[in-house]
Amino acid sequence: MIALEKRAQPSRVWAWATPLLAVILTLVAGGLMFAVLGKDPVAALRTIFYDPLFDAQFASYSRPQLLVKAAPLILIATGLALGFRAGIWNIGAEGQYIIGALCGAGAGLALYPSDSPLIFPMMVLAGALGGWLWAMIPAILKTRFHTNEILVSLLLVYVAENLLASMAVGTLRNPDGGGFPGSRNLSQWPAAANPELIPGTGAHWGVVAAIIAVIFAYILLQKHLLGFHIRLAGQSPRAARFAGVVPERLVIFCLGLSGALAGLAGIFEATGPAGQISIDFNVGYGFTAIIVAFLGRLHPIGIVLAGLLMALTYIGGELASFMLGIPIAAIQAFQGMLLFFLLAVDVLTNYRIRLGRREVRA
Amino acid sequence: MIRRRTLLGAAALAALATGAFAQDDKTKVGFIYVGPVGDGGWSYEHNQGRLAVEEHFGDKVETVYQESVPEGADAERVMTQMALSGADLIFTTSFGYMDPTMNVAAKFPDVKFEHATGYKTAENVSNYSARFYEGRAVQGLIAGRMTKSNKIGYIASFPIPEVIRGINAAYLAAKKVNPDVEFNVVWAFTWFDPAKEADAAKALIEQGADVVLQHTDSTAPQAAAAEAGNVITFGQASDMGEYAPMPRVSSIIDNWAPYYIDRVQAVMDGTWESKSTWDGIAPGMVEIGEISDAVPADVKAEALALKDAIASGETHPFTGPINKQDGSAWLVEGETADDGTLAGMDFYVEGLSGDIPN
C-alpha cells in the first residue's frame, strides 16, 4: 500500500530535487516516445541536449542562440515569479510583451529616420511603459472591482494579438514594403537597433536587462522588506495583513513590474532578433515563461537555469526535428512533459510517501 | 566597427558551411514549412514537392525539412542551422520568411535559397510563386453559377497582395456569370488555425453564404460546410479530395514538384541562377482539382473552358473594363493587368464591399 502523508513543512530538499527528478523523468519518457516513433532515443536526446552546446558543426552558432532565446524567457519569468510568490497570477505576459514591443517600436518609428542616440533608450522606456500600462488594466480592475486577474490578464492577450495584427498591416506598416504587412526593419536602422554587443556571444541588451532583473529580484526577495511582504502575502495572506501589507499595493506593484519586464522583453526582441513588428511577432515567450518560472522554483537563480534549459530544448528540438526527421509535435510534447513531470513530482515537496499499511486509528 | 565584426563573424560561419558540405557528394536540399506537413493544404503540398524531389533523384539527393516554423527570429535560426548542417539549397516556403532568408543568405554565399511568395532576390536568393489567381477565377465562375443565396463567403488570411488578388479574381469571375452575387470576406489573420477557420466558416454560413472560399490552409472550413449541408467549398492549396463530392466541388492544387526538381537539377549541374518565377495554370504549377458531380455538367464545361482559355493565354482574369472599389478607373476596355500592379495589389475592385484591414 502506498499512501501520501502531508508534511508539516514543505521539504527544502525536495523543493530543489524535484526539478532535477522531473528532468530525468522527462528524459526517460521522452526517450521512450522517440523510440516508439522509430527514432534512436539516444541520438535524439543527444541532438537535443548535446549538439547545440558541443557539436563542432553547430555549437559556435547555437551556443550564442541559447542566450538569445533564453533572455526574454528569463526577463519575463523573473517578473512573473515575484507575483506568483505573492499569489498574484499574471497569466497575460504574452500580451504585455506584445504591447511593449508595439509602444517601443511606435515611439521609435514616429521619429524615423532620425539618427539620434536617444532613440533606442527612448524606445526601451516606451516598451517598459507599454507593458506596464497593459498590466495595469487587470491590476486596477482587481483592486477596484475585485475581478480575477488570471482571466483578465489572459483575455487581454487576445486583445493584444489583434492590436498587433492591426498595427502590422496598418499604422506601423513599412511604407516602402510594397503593401506587405510588417513594420520597417528596426534592426537595420542603426539608431533603433539592438545588436549583438560582444560578437559571437549572442548577448544583446535584452540579455543585459535579464541579468540585471535577476540580480534585482534576488536582492528584493532576500534583503528587502517588500520582498518579505511578497513572500508573506503568498504564504499567509492573514499574517501579511497583520504585518501591515496593503494587498492592493502589492497587486499594483507585482502586476506592474511583471508587465514592465515583459514589455522590455518585447521591445528588445522587436529591435533585435525579430527585427520588426510583424503579424506573427509573438511566439509564446509570455506563456513559456510561466513554465520557466515554475521550473525555476520561482527563485531568480533557478529561473536563469530553467530559462537556459528551456532554450536548449527549443534549439536542440529544432535540430532534432530536421536532422532526424522527428515531428515538431513530438518535440512540443517533450517540452510539455517537463512541466507535467515537474508538477507531478512536486507532490513530494508537500507530501511524504509512506509504504506499507496505513495505521488504523482508534 | 560593429559592421566589420559582423562581417567577420559571417565569414567564419560561411567557412564552416563550406567545410560542412564538402563532406559528401549528395546534394542536400532543405525545406522550411510554416505549418505542419499534415495540414492537408499549403505545407502538405510543399512537402509533396520535396518527396517528388527524393523520388526523382534517388540517392543523389538528401532532403531535410522543418515544419511549423514561426515567421521571424526562429525562422532565421532554423535556416542558419540548416545551412550549417551542409544544405546546398534551401526552400523557404512562406511569405514571412523573406527577411530572414535574405539575412541568412548573406551569411552563406555558397548556399542557394529559394523564397516562396515574396519579392526580394539576391545573388543566391531566387523567389517563386504561383499565379493562384488564375485558379481563383475558375473557382469564382463555379461559385457564381452554383450559389442560390447569391452570398459567397470568403475566408481570407492576411491582407497581402496575393490574398487580395485572389478575392478580386474570384469576385470578377463570379460577377460575370451572376451579376447579383455578393462577397462577404472574413479576415482570419492566420494561415493555419483549424479552430479559427471553422469559426469563420460557420459565421459566414450563418449569414447566408452557401459557397465558402478559403485562402487558409486547413480542412476545417470543409468540415464546417459538410456539417451545415447544402454549402459548397473548394480545396485550397491541396485537393482536399476527402471532402468530395460535397461540400468540396473542386480545388486549386499547388504543384511545386516540377519547379523543385528543376531547381535541384540546376544546383547539381552548377547552372543555378537567381531569378523570379511566377507560373500559373499553363506550366502546371496551378492545377484545378477534379470538378465533382455536384456541379451540373454545363457549369463544369464552362469552368473547364475558362481554365483552358487562361492556360492558352486567350483570357486574362483581369481584363478591363475594371474599376477600383472607389469607382476610379483601373483598366480600360480590353486592357489586361500588368504583373507589377498585380504583384503589389492593395485595392478591391468595384462591387466588393467592406474594407481591406489596415
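The values are calculated or read from the model by the stated rules, or taken from the named source; none is laboratory data. Bear in mind the structure is a predicted one, so any value in this text is a computation, not a measurement. Cβ atoms come from the backbone with ideal geometry, glycine included; neighbour counts cover every protein chain shown.
Taking region B:317-358 as the range and being surrounded by fewer than 17 Cβ atoms within 10 Å (Cβ to Cβ), in a loop (DSSP other than H, G, I, E, B) and away from chain A (no Cβ under 14 Å) as the test, the residues that pass are B:Gly320, B:Pro321, B:Asp326, B:Gly327, B:Ser328, B:Val332, B:Glu333, B:Gly334, B:Glu335, B:Asp338, B:Ser353, B:Gly354.
What about A:Arg12, is it touching a Lys or Arg at 6+ places or on another chain (Cβ under 7 Å) and either of a type outside the set (A, V, I, L, M) or surrounded by 24 or more Cβ atoms within 10 Å (Cβ to Cβ) (or both)? Judged against the criteria, A:Arg12 is not a match.
Conditions tested, residue by residue: (1) in a helix (DSSP H, G or I); (2) surrounded by fewer than 23 Cβ atoms within 10 Å (Cβ to Cβ); (3) away from every other protein chain (no Cβ under 14 Å); (4) among the charged types (D, E, K, R).
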{"residue": "A:Gly244", "(1), (2), (3), (4)": "no, yes, yes, no"}
{"residue": "A:Glu248", "(1), (2), (3), (4)": "yes, yes, yes, yes"}
{"residue": "A:Val304", "(1), (2), (3), (4)": "yes, yes, yes, no"}
{"residue": "A:Leu309", "(1), (2), (3), (4)": "yes, yes, yes, no"}
{"residue": "A:Leu312", "(1), (2), (3), (4)": "yes, yes, no, no"}
{"residue": "A:Gly317", "(1), (2), (3), (4)": "yes, yes, no, no"}
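Determine whether A:Gln335 is touching a helix residue (DSSP H, G or I) at 6+ places or on another chain (Cβ under 7 Å) and more than 9 Å from chain B (Cβ to nearest Cβ). So A:Gln335 fits the description; yes. Residue under question is B:Glu55, and the condition is that it be of a type in the set (D, E, K, R) and free of Cβ contacts under 8 Å to residues at least 60 places away in the same chain; does it hold? Yes.
Scan region A:232-252 and tell me whether some residue there is under 30 Å from A:Ala192 (Cα atoms) and of a type in the set (A, V, I, L, M, F, W, C). Taking every residue of region A:232-252 in turn, none turns out to be under 30 Å from A:Ala192 (Cα atoms) and of a type in the set (A, V, I, L, M, F, W, C).
Of all residues in region A:94-116, those that are under 21 Å from the mean Cα position of the chain (by Cα) and of a type outside the set (A, V, I, L, M) total 7. Among the residues of region B:185-205, is there at least one that is in contact with a helix residue (DSSP H, G or I) (Cβ under 9 Å, 6 or more places away or on another chain), within 30 Å of B:Trp272 (Cα to Cα) and either within 13 Å of chain A (Cβ to nearest Cβ) or not in a loop (DSSP other than H, G, I, E, B) (or both)? Looking for residues that are in contact with a helix residue (DSSP H, G or I) (Cβ under 9 Å, 6 or more places away or on another chain), within 30 Å of B:Trp272 (Cα to Cα) and either within 13 Å of chain A (Cβ to nearest Cβ) or not in a loop (DSSP other than H, G, I, E, B) (or both), one finds none in region B:185-205, hence no.
Comparison of B:Ala195, B:Ala225 shows that the only residue that is under 27 Å from B:Ser68 (Cα atoms) and crowded, with 18+ Cβ neighbours inside 10 Å is B:Ala225.
Name the single residue, out of those in region B:46-73 being among the acidic types (Asp, Glu) and surrounded by fewer than 23 Cβ atoms within 10 Å (Cβ to Cβ), that is nearest to B:Gly235 (Cα to Cα). Filtering first and then ranking leaves B:Glu67. Pairs are defined by a Cβ separation below 7 Å, a sequence spacing of at least 6 or placement on different chains, a first member in region B:340-358 that is at positive phi, and a second member that is buried (at least 18 other Cβ atoms within 10 Å of the Cβ) and among the charged types (D, E, K, R); the pairs so defined are B:Gly351/B:Lys175.
Do we find that B:Asp269 is in contact with a helix residue (DSSP H, G or I) (Cβ under 7 Å, 6 or more places away or on another chain) and either charged (D, E, K, R) or surrounded by fewer than 15 Cβ atoms within 10 Å (Cβ to Cβ) (or both) in this structure? So B:Asp269 fails the test. Listed conditions (1) at pLDDT 90 or above; (2) of a type in the set (Ser, Thr, Tyr); (3) over 23 Å from the mean Cα position of the chain (by Cα) are all met by A:Ser60, apart from (1).
B:Phe158 falls short on exactly one of the conditions (1) within 14 Å of chain A (Cβ to nearest Cβ); (2) surrounded by fewer than 22 Cβ atoms within 10 Å (Cβ to Cβ), and that condition is (2).
When restricted to residues that are in a helix (DSSP H, G or I) and within 12 Å of another protein chain (Cβ to nearest Cβ), region A:49-62 contains 6. Only one of the listed residues (B:Gly118, B:Gly166) is touching a Phe, Trp or Tyr at 6+ places or on another chain (Cβ under 9 Å) and closer than 17 Å to B:Pro221 by Cβ. That residue is B:Gly166. Just checking, how many residues over region A:250-289 are in a loop (DSSP other than H, G, I, E, B) and either among the hydrophobic types (A, V, I, L, M, F, W, C) or more than 14 Å from chain B (Cβ to nearest Cβ) (or both)? Looking only at that region, the number is 5.
Assess whether A:Leu342 counts as being surrounded by fewer than 21 Cβ atoms within 10 Å (Cβ to Cβ) and part of a helix (DSSP H, G or I). No, not satisfied. Exactly one condition in (1) out of contact with any strand residue (DSSP E or B) (no Cβ under 8 Å at 6 or more places or on another chain); (2) over 17 Å from B:Ala173 (Cα atoms) is not met by B:Gly289; state its number. Evaluating B:Gly289 over (1) out of contact with any strand residue (DSSP E or B) (no Cβ under 8 Å at 6 or more places or on another chain); (2) over 17 Å from B:Ala173 (Cα atoms) leaves (1) as the failure.
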